[in-house]
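A.B. asks: This structure is in structure tokens; I'll ask about it shortly.
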């Protein structure tokens, strides 16, 4: 296949189209707008639907409607927009409608800024809206993965009837990297539950209301049984030099690529550092963390936030190994400052 | 024996939960009769709101969705765009459509979405116990306007049919009432016309229906019908506000 130079946001949009996405519903917001712009250009040419919604609320509810037809549909936004979408994501999760939701994330709280950030980690991994639910969250680290994860997201969404979120820092949306184009998906699963008109069958209902006590509880159990299966099957992480690592750094997304450089430099200085990069933020790859803890004296969570993923690392380690934190917001930590932090901790621990 | 009256096929056998004298059951039936007569049940997808008619998905015998509060027009938009040969209707109350869902309804109309909106206006939030809605009349007492709605405090009741008729994308906008047999017949004709406008692809269609809520108005069903005539119709005039003809 040919190698092409693509902006991350456009690679993601093209990946979605290759995966058979034929409905995009969105609202402009920096730094995600190139996804909507790409879809606005492409959808009319491939028989797809593009609607610029009047609001993020309308956009996510269009996704609710679009997904209910069985079509592969998506929306993309950035952090403040994701806050507005939470109502719809809760409904979509309960109605078990497969779709892709993209957060090309930026700093907050409030309007924050347009600098890349990872401070929507809690919102993404804890459900985000009202009620008990989860979405699968994938964190790409480069343009190729923007494309590949978009394609994979639709497969996971259909497989489990669940909204899948891609959380990519603003950096990933806007950098250009050469990528290998993929083949379009041609096999799609049947969706007998879709509301397409009841010709030749009983009416289908897409609903999230459960007024009876038992009914409500049993619905929540059904969802959580599904989440359990996802936890068993879909946790993913990359490990780098963790076998003998005494300091294990954990970072996701673009941050993981920057940390990798610092880990290599630390090794050159004789510090046994390693890296775990969660690929799925939910389900969180806790077993990968525990495996990497074999020789670890301490963990270091590096995030573009005030410290959110660190809680999942602590939960995974259950107090066995101390977890330190290094993060910035407004800036993306560079390899030098991470190396400095690794060396400072190594010295403190006598490593 | 000749059968002269029967339940429409487009309604299920489920027993509805509506209060005595409530207009929802009647309006459901009118929609269902239109679906039967146009033979579109199997290609109709309905979207119900949050409010008293939240359970309408149990009563219509076609594919149905339950929407978040006010969002039905956005949901209908996406379905219609992806499945252009299906019939889409939303069924919305006045709190759902004219308050929390104001953006969705105005923009669905402005875009000329080829969907039909059934807008049930009973001047208040019914399911939550009779609170003030954007459509509550001046002077009307509700649980959140206990001294009567005052223009200086709560502003003026919103006229949705008039408002939406100013959008170029609106192809058919009509206001009817269900307070007497003649008006009920007119309502059915309006619903059918709205579906026909959708079938022809002319644009957005809405029928606003003035309806009774005896429970929250504190009236018996008969007096509630009279209340529509005496209080609602003078402020919310009946008739067609927009009729776009075929080019």
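A.B. asks: Here is a list: B:63, B:58. Which entry is within 7 Å of chain A (Cβ to nearest Cβ) and within 15 Å of residue A:207 (Cβ to Cβ)?
C.D. replies: B:63
A.B. asks: Is it the case that region B:27-40 has a residue that's within 10 Å of chain A (Cβ to nearest Cβ), over 21 Å from residue A:209 (Cα atoms) and in a loop (DSSP other than H, G, I, E, B)?
C.D. replies: Yes, there is a match, as at least one residue in region B:27-40 is within 10 Å of chain A (Cβ to nearest Cβ), over 21 Å from residue A:209 (Cα atoms) and in a loop (DSSP other than H, G, I, E, B).
A.B. asks: Let me ask something additional. Taking region A:194-243 as the search range and keeping residues that are within 14 Å of chain B (Cβ to nearest Cβ) and touching a residue at least 60 places away in the same chain (Cβ under 8 Å), which one is farthest from residue A:127 (Cα to Cα)?
C.D. replies: Filtering first and then ranking leaves A:196.
A.B. asks: Let me ask something else. Within region A:61-69, does at least one residue satisfy the condition of being surrounded by fewer than 24 Cβ atoms within 10 Å (Cβ to Cβ) and touching a residue at least 12 places away in the same chain (Cβ under 8 Å)?
C.D. replies: No, there is no match, as no residue in region A:61-69 is surrounded by fewer than 24 Cβ atoms within 10 Å (Cβ to Cβ) and touching a residue at least 12 places away in the same chain (Cβ under 8 Å).
A.B. asks: Go through region B:196-240 residue by residue and tally those that are in a helix (DSSP H, G or I), in contact (Cβ under 8 Å) with a residue 60 or more places away in the chain, touching a strand residue (DSSP E or B) at 6+ places or on another chain (Cβ under 7 Å) and under 22 Å from residue B:162 (Cβ atoms).
C.D. replies: 3
A.B. asks: A further question on this structure: Only residues that are surrounded by fewer than 17 Cβ atoms within 10 Å (Cβ to Cβ) and away from every other protein chain (no Cβ under 14 Å): list them for region B:102-140, please.
C.D. replies: B:128, B:129, B:131, B:138, B:139
A.B. asks: Quick one: residue A:230 ticks every box in (1) farther than 20 Å from residue A:344 by Cα; (2) part of a helix (DSSP H, G or I); (3) over 18 Å from the mean Cα position of the chain (by Cα) bar one, so which box is it?
C.D. replies: Condition (3) is where residue A:230 drops out.
A.B. asks: Out of all the residues in region B:172-195, which are surrounded by fewer than 20 Cβ atoms within 10 Å (Cβ to Cβ) and assigned to a loop (DSSP other than H, G, I, E, B)?
C.D. replies: Of everything in region B:172-195, just one residue is surrounded by fewer than 20 Cβ atoms within 10 Å (Cβ to Cβ) and assigned to a loop (DSSP other than H, G, I, E, B), namely B:180.
A.B. asks: Which residues, counting only those in region A:249-280, are touching a helix residue (DSSP H, G or I) at 6+ places or on another chain (Cβ under 8 Å) and without any contact (Cβ under 8 Å) to a residue 40 or more places away in the chain?
C.D. replies: Result: A:274, A:275, A:276.
A.B. asks: Same structure again: Name the pairs whose Cβ atoms lie under 7 Å apart, with the first residue in region A:31-52 and not assigned by TED's automatic domain parsing to the domain that holds residue A:114, the second part of a loop (DSSP other than H, G, I, E, B) and at pLDDT 95 or above, and 6 or more positions between them or separate chains?
C.D. replies: Short answer, once both residue conditions are applied: none.
A.B. asks: Considering only region B:41-51, state which residues are crowded, with 24+ Cβ neighbours inside 10 Å and outside any loop (DSSP other than H, G, I, E, B).
C.D. replies: Selection gives B:44, B:45, B:46, B:47, B:48.
A.B. asks: For region A:76-88, does any single residue satisfy the condition of being touching a strand residue (DSSP E or B) at 6+ places or on another chain (Cβ under 6 Å), within 22 Å of residue A:152 (Cα to Cα), touching a residue at least 24 places away in the same chain (Cβ under 8 Å) and within 12 Å of another protein chain (Cβ to nearest Cβ)?
C.D. replies: Checking region A:76-88: not a single residue is touching a strand residue (DSSP E or B) at 6+ places or on another chain (Cβ under 6 Å), within 22 Å of residue A:152 (Cα to Cα), touching a residue at least 24 places away in the same chain (Cβ under 8 Å) and within 12 Å of another protein chain (Cβ to nearest Cβ).
A.B. asks: Please specify each residue of region B:81-101 satisfying the condition of being in a helix (DSSP H, G or I) and within 10 Å of another protein chain (Cβ to nearest Cβ).
C.D. replies: Selection gives B:81, B:82, B:100.
A.B. asks: Specify the residue that is nearest to residue B:101 (Cα to Cα); the eligible residues are those in region A:45-72 that are part of a strand (DSSP E or B) and more than 7 Å from chain B (Cβ to nearest Cβ).
C.D. replies: A:52
A.B. asks: Might you check whether a residue that is modelled with pLDDT of 95 or more, more than 21 Å from the chain's Cα centre (by Cα) and assigned by TED's automatic domain parsing to the domain that holds residue A:33 occurs anywhere in region A:159-179?
C.D. replies: yes
A.B. asks: Which condition from (1) closer than 28 Å to residue A:107 by Cα; (2) more than 12 Å from chain B (Cβ to nearest Cβ); (3) out of contact with any helix residue (DSSP H, G or I) (no Cβ under 6 Å at 6 or more places or on another chain) is the one that residue A:38 breaks?
C.D. replies: Every listed condition holds for residue A:38 apart from (3).
A.B. asks: Could you run through region A:281-324 and say how many residues are in contact (Cβ under 8 Å) with a residue 40 or more places away in the chain, in a strand (DSSP E or B) and under 26 Å from residue A:337 (Cα atoms)?
C.D. replies: Total satisfying the criteria: 7.
A.B. asks: How many residues are farther than 23 Å from residue A:258 by Cβ and crowded, with 20+ Cβ neighbours inside 10 Å when one looks only at region A:162-184?
C.D. replies: 3
A.B. asks: Is it the case that residue B:17 is buried (at least 24 other Cβ atoms within 10 Å of the Cβ) and farther than 20 Å from residue A:60 by Cβ?
C.D. replies: Answer is no for this residue.
A.B. asks: Moving on. Of the residues B:78, B:68, only one is within 12 Å of chain A (Cβ to nearest Cβ), crowded, with 20+ Cβ neighbours inside 10 Å, out of contact with any strand residue (DSSP E or B) (no Cβ under 9 Å at 6 or more places or on another chain) and at pLDDT 95 or above; which?
C.D. replies: B:68
The values are calculated or read from the model by the stated rules, or taken from the named source; none is laboratory data. Note that the structure is predicted; figures quoted are calculated from it, not measured. In this analysis, Cβ positions are derived from the backbone assuming ideal geometry, glycine residues included, and neighbour counts consider all displayed protein chains.
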